[in-house]
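J.: Shown below is the structure under consideration.
The values are calculated or read from the model by the stated rules, or taken from the named source; none is laboratory data. The structure presented is a predicted model; accordingly, all values stated were derived computationally and were not measured. Reconstructed Cβ throughout: ideal geometry from the backbone, glycine too, with neighbour counts over all protein chains shown.
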Amino acid sequence: MYGDKKDSSKLLQNQQPEYGTYQPGAAQSCMEVSGYRNVTWRIVLCHICAVLTAGILLLIFHWKPRLEVLAKCTACPLAQADWVVIKDQFGQHFPAQVQTEQVDESSGTELGAGPRVTDGSDGVAIAVAEEEEWRDTIQLHRKEEKNVFRYYVFEGVRHIWTETHQDFRKVSTFDEGWTCADLQRYRFGLSQQDQNTRKKIYGPNLIDVPVKSYLRLLVDEVLNPFYIFQIFSIVLWMCDGYYYYAGCIFLISAISIGLSLYETRKQSTMLRNMVKMTVSVKVRRITGEEDVVSSLDLVPGDCIILPPDGFLLPCDAALLSGECMVNESMLTGESVPEMKTPLPDGPQAAITVYSPEEHKRHTLFCGTHVIQAKSYTGSEVHAVVSRTGFCTAKGNLISSILHPKPVGFKFYRDALTFVLFLGILAFIGDMYSIVVLVKNKVPVPQIVIRALDLVTIIVPPALPAAMTVGTIYAQSRLKKHGIFCISPPRINVSGKIKLVCFDKTGTLTEEGLDVWGVVPLDKTCFVPLVHEPRYLPDGPLLYSLATCHSVSLLKQQLIGDPMDLKMMESTGWTLDNNVTELQTTEQFGLKVLAVMKPPPLDEQPHGIKHQVPVGILRRFPFSSSLQRMSVIAKPGGGAQPEAFMKGAPEMVASLCKMETVPADFSAILRHYTSDGYRVLGFACKTLPTVMSFEDAQQLTRDSVESGMTFLGFLVMRNVLKLETTPVIHLLRNADIRTVMVTGDNMLTAVNVARSCRMVEQHERVIFVSASPPMHNKPATLKFIPSESTLGQESSGEGLYQQETVFSNPGLDHFALNGKSFSIVCDYFPDLMPKVLVRGTIFARMSPEQKTQLVHSLQDLKYCVGMCGDGANDCGALKAADVGISLSEAEASVASPFTSKVDNIQCVPMVIREGRCSLTTSFGVFKYMALYSLTQFVSVLILYTVNTNLSDFQFLFFDLIITTTVAVLMGKTGPAQELGIQRPQGTLISITVLGSLLLQTLLLIVIQVLAYFITLSQTWFISLNNTVIAPLNLPNYENTVIFSVSGYQYLILAVVLSKGYPFRKPLYTNVLFLLVLIIFFTLMIWLTLYPLWFMRYLLILKEINDMNFKLMLLGFAVLNFFTAFLLETALDHGVLNCLRYLRGKKESKKLYKRLVKELSVEPSWPPLNEVIFASSKTFMNFR
């Protein structure tokens, strides 16, 4: 609590908010920052070592910048740091240089909403609000009579040093304590001096995507470990006389680098052009003048004037006056424009802390397009800048693209581990080759070259590129189906999805709702359903249906939420935005925003005619967290202004006078929601104090939305999309859990879940009802079977009323609303995992709760997918392992995947492609590893007799066969079926390691056997081992090993190209099949009847013994069938017996352990029993 807040508030008086106050309670960074100070002798020593190591030290520093800071600096307090090393939440380290900026001594540099405070010195101070008092300051460093502040830039955002807290604070945190009243005081703008000072602190309003020059990109690419290894290999091959091979590899690497540079620069340029925005903006100055400035110069606190015809927002801004219709599809993927209304201004504004998330209906976000700006009073629409640059919503999204969350997929980590294992094998091979070559009296320089050559053979430099082949093909196939992916590594992750969360409206059901009818009241009793709202008599219910919406006219076309459009359309009333102020004053006696007119008399039904228009004075937009919206409107003539409200029936009823809510409210609501209808509640309230348009603007939302009179229900039919039920059934048959996460009514959600077979008819739904602690009583939890409820959706134990208990439980599905979800999270953390494991329906969930649910499921080690279509799902889409947004935009930054097809058929498609891509990645990895081992064994055998493969033999194997096979191997498409089995996610497993080991043993046996049989032939002549390769070529040993290993490369490609159950059969990949046939034919030709130019080119020894040649062909056939049988046996779990030898191990995945635990606890959950929170938990939250 703020102990001295009353006294301190006197210091504020009527001052404008001051720049720089760091508010208590601002979110602390999850980064760890360490300080380092430059040490001269260390820097000099590093330069000397760089020279002595021929630049190797600089290369290491380039790969690991943190090591450079550790080498040249010494650890020190942050106050003295020249460099900082930032450790992010993922454990990654990034160095950043501490910079300084000078501020004129005469400038005001106070930040935020606090008072201007100094400590008696000449230096400029920045006020900081502490918990106990508002008097602590930080003194800006003085240097040559100038005020200097220190900062570093991380991921585009400045972090400024605060002396009081002795740490660096993100610049945006200085504004997190602004209240709505503080922002309202900025409506008169800043002085030019304040604007200049703030610009120095915040920097330019720019979201800059760095685009490196081609030279810089070339240096970075060439210094990549992959290309360093390539350069090392090329030099080594040149020294060993392999000029053609080295030249080809150099040419291919150069082409690869060129294409990579072009693509990288193209992508960077495209992203920069997409996000970089410089426009002219009209700003208000405190002097009353208006300046036109560049958007680069905008700072928080600037008051900008929005043009009526709209423009592209270059910053985040809080709307102070007027209404704006905004297209936010770039940020959210939501194609429906949003209505933005002014920030609340009144007594509550002084204590309401502004938050872009909570006040998003009053916030204009950077990068969104203001379609239309309409003024309330005067001729201008004003907004105050709240965030700039990378601190904006758009800046955060672009930063997440430039600095993505690392994909912690075990497959990629295991791949690195296996490469290290290959390195160990290379070391063992080196030891063997050195002994053999020394025994053969090979010169020392040649021994060194041959030993190093083994390293280039067994560690394939093309492995990283080859592993992405399957992902590239999958991405291309998805694009053809209208599914776009901006994060290709997520494709492999999607192959491991175990659970998918679905939004309901617009995802499982149609976006548009059809009006089924209205249930009005007669006094306080419901009357039968009226199917046509336009038959309603003049009165509050009809007026609320006609006015309580955010629909607007743009170029004579209605735009707004589809549900609002349907509701307005059902009344037959029309919106008129073109009336003048004079006309509205004559008609309503005051100014209005818009006029709703009844339909022409000849189009109205027979009977009572509607003739009185209704003027809208103010809108309180819909909020997911509040679950309602309201308007202030005035019927024509002498009627008093009224407030009309619509929203979740339970919420609306809670804000009405109890005597106006019918006694059978719950029963009627249950009647419609249990049948799957979407129900909205309506209420009204007369506002006699509103005498003018300005009076309406002064009212607070809380004062309007209280003590209302309940009017009735609007019943809307929400139809399932045709594709929903088959897809849900498909996913459940594949043992993929399906979960519904919606903001809609609980019983409606349950009905939809049953309709789409997310919950089968024979399965039971159990409601999880939780109540918060009150009157010194702990929180309570109750599990109630659905068949024993009446479905009244509210808080407390009365949420569901008992009838009878379900006798045959079967499979249980838990259903809970957002309130119960929060209570269980806070007060029953020990039960939360069990609830999540069985939870299927989560209703009345806010956007933040959706995100929290995804994180909670991930904590149980589920691989979570999320599919949604609206702005409310953005947080959950980004948090999920695989987020799929149903959007018309080709690519939305809201999620890794965007589907232009607006139904959930994209979900199994992404999963199938993920499984196919992951299986392909495993197959290509194993192929590349075994290709290296095959060549490694061949070379070791030939080293034994002091020979080697020829230049063109290496080229033939590495470029013609292996590269072609690796590229085409991943072209095989996904299987049509989605089975229960999921592909492996780890390389370090019995199946994978067993396959690699057994295949390696097989290829060793075949090559060694062929070698010794060759030695036993009567026509065999030993080579001259006093001469080293390539001078002793051709020879029989080389020719036989070449023939046998050539078949092995092709055999491995066939046996590792698995089809069922995740990919189509090999023969469907026609191009790959043709290439294999051609290569097998070529190898048979080279073995049996090689032409002279083939022998000359590949330097092969002529063998005239046809029987021997046929025997080599027989070895190839034997190798093929043995390898195929080994892989088939391994796929059927032959090595699983080894798991029994080590004993049963408990699963590492928490959800699997919980499922197993619950399967042996048939009595859980205890039904209809009240469970109290433990006293320890209760006390912690008091």
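J.: Which residue out of MET1, MET31 is at pLDDT below 90 and surrounded by 15 or more Cβ atoms within 10 Å (Cβ to Cβ)? Give the derivation first.
T.: Numbers: MET1 fails: surrounded by 15 or more Cβ atoms within 10 Å (Cβ to Cβ).
When all the criteria are applied, what remains is MET31.
J.: Does VAL384 satisfy the condition of being farther than 19 Å from PHE229 by Cβ, part of a loop (DSSP other than H, G, I, E, B) and touching a Lys or Arg at 6+ places or on another chain (Cβ under 8 Å)?
T.: Working: farther than 19 Å from PHE229 by Cβ: yes; part of a loop (DSSP other than H, G, I, E, B): no; touching a Lys or Arg at 6+ places or on another chain (Cβ under 8 Å): yes.
Answer is no for this residue.
J.: Mind telling me which of the residues LYS212, LYS282, LYS276 ends up being touching an Asp or Glu at 6+ places or on another chain (Cβ under 8 Å), touching a residue at least 60 places away in the same chain (Cβ under 8 Å) and not aromatic (Phe, Trp, Tyr)? Give the derivation first.
T.: Numbers: LYS212 fails: touching a residue at least 60 places away in the same chain (Cβ under 8 Å); LYS282 fails: touching a residue at least 60 places away in the same chain (Cβ under 8 Å).
Of the residues listed, the single one that is touching an Asp or Glu at 6+ places or on another chain (Cβ under 8 Å), touching a residue at least 60 places away in the same chain (Cβ under 8 Å) and not aromatic (Phe, Trp, Tyr) is LYS276.
J.: Next question. Hey, among LEU853, LEU781, LEU857, which residue is farther than 29 Å from LYS496 by Cα and at pLDDT 90 or above?
T.: Working: LEU853 fails: farther than 29 Å from LYS496 by Cα; LEU857 fails: farther than 29 Å from LYS496 by Cα.
Answer to the selection: LEU781.
J.: Still on this structure, I have one more. If I ask for residues that are assigned to a helix (DSSP H, G or I), touching a residue at least 40 places away in the same chain (Cβ under 8 Å) and not hydrophobic (A, V, I, L, M, F, W, C), which ones from the stretch 427-444 would you list?
T.: Result: GLY429, TYR432, SER433.
J.: Quick check: anything in the stretch 920-941 of a type in the set (Val, Ile, Thr) and closer than 19 Å to ARG477 by Cα? Give the derivation first.
T.: First, pick out the residues of the stretch 920-941 that are of a type in the set (Val, Ile, Thr): 920, 924, 934, 937, 939, 941.
Retained after the next criterion (residues that are closer than 19 Å to ARG477 by Cα): 920, 924.
Taking every residue of the stretch 920-941 in turn, at least one turns out to be of a type in the set (Val, Ile, Thr) and closer than 19 Å to ARG477 by Cα.
J.: Yes or no: the stretch 47-55 includes at least one residue that is crowded, with 16+ Cβ neighbours inside 10 Å, more than 31 Å from the chain's Cα centre (by Cα), aliphatic (A, V, I, L, M) and not in a helix (DSSP H, G or I).
T.: No; the residues of the stretch 47-55 include none that is crowded, with 16+ Cβ neighbours inside 10 Å, more than 31 Å from the chain's Cα centre (by Cα), aliphatic (A, V, I, L, M) and not in a helix (DSSP H, G or I).
J.: Right, something else. Of the conditions (1) closer than 24 Å to LYS360 by Cα; (2) surrounded by fewer than 19 Cβ atoms within 10 Å (Cβ to Cβ); (3) at pLDDT 80 or above, ILE616 satisfies every one except a single condition; which number is it?
T.: Every listed condition holds for ILE616 apart from (2).
J.: Residues of the stretch 84-107 being within 31 Å of the chain's Cα centre (by Cα) and modelled with pLDDT of 90 or more, which ones? Outline the logic, then answer.
T.: Of all residues in the stretch 84-107, those within 31 Å of the chain's Cα centre (by Cα) come to 84-98.
Answer for the stretch 84-107, where residues must be within 31 Å of the chain's Cα centre (by Cα) and modelled with pLDDT of 90 or more: VAL84, VAL85, ILE86, PHE94, PRO95, ALA96, GLN97, VAL98.
J.: Does the stretch 660-698 hold any residues that are surrounded by fewer than 22 Cβ atoms within 10 Å (Cβ to Cβ), under 43 Å from the mean Cα position of the chain (by Cα) and over 17 Å from LYS646 (Cβ atoms), and which are they?
T.: SER666, ALA667, ARG670, HIS671, SER674, ASP675, GLY676, GLN697, GLN698
So that you can scan it fast, the table gives a plain yes or no per residue for (1) assigned to a loop (DSSP other than H, G, I, E, B); (2) crowded, with 19+ Cβ neighbours inside 10 Å:
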{"site": "LYS479", "(1), (2)": "no, no"}
{"site": "SER487", "(1), (2)": "yes, no"}
{"site": "ASN492", "(1), (2)": "no, yes"}
{"site": "ILE497", "(1), (2)": "yes, yes"}
{"site": "VAL500", "(1), (2)": "no, yes"}
{"site": "GLU511", "(1), (2)": "yes, no"}
{"site": "TRP516", "(1), (2)": "no, yes"}
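J.: So if I check each of ILE457, ILE424, which one is more than 30 Å from THR269 (Cβ to Cβ), part of a helix (DSSP H, G or I) and in contact with a helix residue (DSSP H, G or I) (Cβ under 8 Å, 6 or more places away or on another chain)?
T.: On the way: ILE424 fails: in contact with a helix residue (DSSP H, G or I) (Cβ under 8 Å, 6 or more places away or on another chain).
So the residue among ILE457, ILE424 that is more than 30 Å from THR269 (Cβ to Cβ), part of a helix (DSSP H, G or I) and in contact with a helix residue (DSSP H, G or I) (Cβ under 8 Å, 6 or more places away or on another chain) is ILE457.
J.: Let me ask you something else. Please tell me if LEU687 is touching a helix residue (DSSP H, G or I) at 6+ places or on another chain (Cβ under 6 Å) and either aliphatic (A, V, I, L, M) or outside the structural domain of VAL518 (by TED's automatic domain parsing) (or both).
T.: Values: touching a helix residue (DSSP H, G or I) at 6+ places or on another chain (Cβ under 6 Å): no; either aliphatic (A, V, I, L, M) or outside the structural domain of VAL518 (by TED's automatic domain parsing) (or both): yes.
Here the answer is no, as LEU687 does not meet what is asked.
J.: List the helices (runs of 4 or more DSSP H) inside the stretch 963-1057, counting only whole elements, that have at least 3 residues being surrounded by fewer than 17 Cβ atoms within 10 Å (Cβ to Cβ) and in contact (Cβ under 8 Å) with a residue 40 or more places away in the chain. Quick ask: steps written out before the conclusion?
T.: Working: elements: 964-969, 990-1015, 1036-1055.
Where helices (runs of 4 or more DSSP H) fall fully within the stretch 963-1057 and carry at least 3 residues being surrounded by fewer than 17 Cβ atoms within 10 Å (Cβ to Cβ) and in contact (Cβ under 8 Å) with a residue 40 or more places away in the chain, they are 990-1015.
J.: (1) surrounded by 18 or more Cβ atoms within 10 Å (Cβ to Cβ); (2) at pLDDT below 80; (3) of a type outside the set (S, T, N, Q): which one isn't true of GLY322, the others all being true?
T.: So GLY322 meets the others, but not (2).
J.: Can you tell me which condition PHE168 does not meet? The list is (1) more than 19 Å from VAL299 (Cα to Cα); (2) of a type in the set (Phe, Trp, Tyr); (3) within 28 Å of the chain's Cα centre (by Cα); (4) assigned to a helix (DSSP H, G or I), and all the others hold.
T.: (4)
J.: Oh, and also: Of all residues in the stretch 1075-1097 being surrounded by fewer than 19 Cβ atoms within 10 Å (Cβ to Cβ) and aliphatic (A, V, I, L, M), which is farthest from GLY1114 (Cα to Cα)?
T.: If we take residues in the stretch 1075-1097 being surrounded by fewer than 19 Cβ atoms within 10 Å (Cβ to Cβ) and aliphatic (A, V, I, L, M), then LEU1097 is farthest from GLY1114 (Cα to Cα).
J.: It is to be established whether one or more residues within the stretch 890-900 are under 21 Å from SER625 (Cα atoms), touching a Cys at 6+ places or on another chain (Cβ under 7 Å), touching a residue at least 12 places away in the same chain (Cβ under 8 Å) and in a loop (DSSP other than H, G, I, E, B). Break it down into steps so the answer makes sense when it comes.
T.: Going residue by residue through the stretch 890-900, those that are under 21 Å from SER625 (Cα atoms) are 894.
Checking the rest, the ones that are also touching a Cys at 6+ places or on another chain (Cβ under 7 Å) come to 894.
Imposing the further condition that a residue be touching a residue at least 12 places away in the same chain (Cβ under 8 Å) reduces the set to 894.
Now narrow it down to the ones that are in a loop (DSSP other than H, G, I, E, B): 894.
Scanning the stretch 890-900, I find at least one residue that is under 21 Å from SER625 (Cα atoms), touching a Cys at 6+ places or on another chain (Cβ under 7 Å), touching a residue at least 12 places away in the same chain (Cβ under 8 Å) and in a loop (DSSP other than H, G, I, E, B), so the answer is yes.
J.: While we're on this one: State all residues of the stretch 764-781 that are among the charged types (D, E, K, R) and touching a Pro at 6+ places or on another chain (Cβ under 9 Å); if no residue qualifies, say none. Please lay out each step first, then the result.
T.: First, the residues of the stretch 764-781 that are among the charged types (D, E, K, R): 764, 777.
Once the filter is applied, which keeps residues that are among the charged types (D, E, K, R) and touching a Pro at 6+ places or on another chain (Cβ under 9 Å), the stretch 764-781 yields only ARG764.
J.: Follow-up. Restricting to helices (runs of 4 or more DSSP H) lying wholly in the stretch 182-298: which have 1 or more residues that are within 30 Å of PRO1030 (Cα to Cα) and not aromatic (Phe, Trp, Tyr)?
T.: Values: elements: 192-202, 214-222, 225-239, 243-275.
By residue number, 225-239, 243-275.
J.: For ALA96, which of the numbered conditions (1) without any contact (Cβ under 8 Å) to a residue 24 or more places away in the chain; (2) in a strand (DSSP E or B) fails to hold?
T.: Of the numbered conditions (1) without any contact (Cβ under 8 Å) to a residue 24 or more places away in the chain; (2) in a strand (DSSP E or B), the odd one out for ALA96 is (1).
J.: Name the residue that is farthest from the chain's Cα centre (by Cα), counting only residues in the stretch 940-955 that are surrounded by fewer than 23 Cβ atoms within 10 Å (Cβ to Cβ) and in a helix (DSSP H, G or I).
T.: THR944
J.: More than 30 Å from VAL353 (Cβ to Cβ), surrounded by 20 or more Cβ atoms within 10 Å (Cβ to Cβ) and among the β-branched types (Val, Ile, Thr): is that true of VAL438 in this structure? Reasoning before the result, please.
T.: On the way: more than 30 Å from VAL353 (Cβ to Cβ): yes; surrounded by 20 or more Cβ atoms within 10 Å (Cβ to Cβ): no; among the β-branched types (Val, Ile, Thr): yes.
Here the answer is no, as VAL438 does not meet what is asked.
J.: Next question. Going through the stretch 68-98 one residue at a time, which ones are out of contact with any Asp or Glu (no Cβ under 9 Å at 6 or more places or on another chain), aliphatic (A, V, I, L, M) and surrounded by 15 or more Cβ atoms within 10 Å (Cβ to Cβ)?
T.: The answer is VAL69, LEU70, ALA71, ALA81, VAL84, ALA96.
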